[in-house]
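The values are calculated or read from the model by the stated rules, or taken from the named source; none is laboratory data. The structure displayed is predicted, hence computed values, not measured ones. Cβ coordinates were reconstructed from backbone atoms using ideal geometry, including for glycine residues, and neighbour counts include every protein chain displayed.
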Amino acid sequence: MMRTMLKQMAMQPTPVIVPDTDKEIDIDRPWQVVVWNDPVNTMGYVVYVLRKLFGHDEAKATKLMLQVHHEGRAIVSDGPREKAEIDCFRLHNHGLWATIEK
């Protein structure tokens, strides 16, 4: 009797659950590190920090600093969340205002 029940259970199809594919998933979108304008740090110091932490050449660091100065913010780094958090922490340790965003 037990064998008969096991055979019947094995013969029944298993229902397949199909996920809702209408939803858009942003798995590959990287996290961005944003430096914000502040009234404390000089332009030269911001350029120095960007060069030191991210290895930007002077032209790239100056361009980002001017974007922060004129637009109020600039994206200075991106990547996985863990890297973005570390970069943001390093900027905070150098006295810059920074956040991460998706």
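At-a-glance table
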quantity	calculated
Residues (surrounded by fewer than 20 Cβ atoms within 10 Å (Cβ to Cβ) and under 18 Å from residue 36 (Cβ atoms)) located in the stretch 72-85	72, 73, 75, 78, 85
Candidate set from the stretch 19-58 (those that are of a type in the set (Lys, Arg) and modelled with pLDDT of 95 or more); member that is surrounded by the fewest Cβ atoms within 10 Å (Cβ to Cβ)	52
Residue in the stretch 59-68 that is crowded, with 19+ Cβ neighbours inside 10 Å and in contact with a Ser or Thr (Cβ under 8 Å, 6 or more places away or on another chain) present	no
The stretch 86-102, subset touching a helix residue (DSSP H, G or I) at 6+ places or on another chain (Cβ under 7 Å) and not in a helix (DSSP H, G or I), residue surrounded by the most Cβ atoms within 10 Å (Cβ to Cβ)	96
Considering residues of the stretch 43-78 that are in a loop (DSSP other than H, G, I, E, B) and touching a helix residue (DSSP H, G or I) at 6+ places or on another chain (Cβ under 9 Å) only, the residue farthest from residue 102 (Cα to Cα)	57
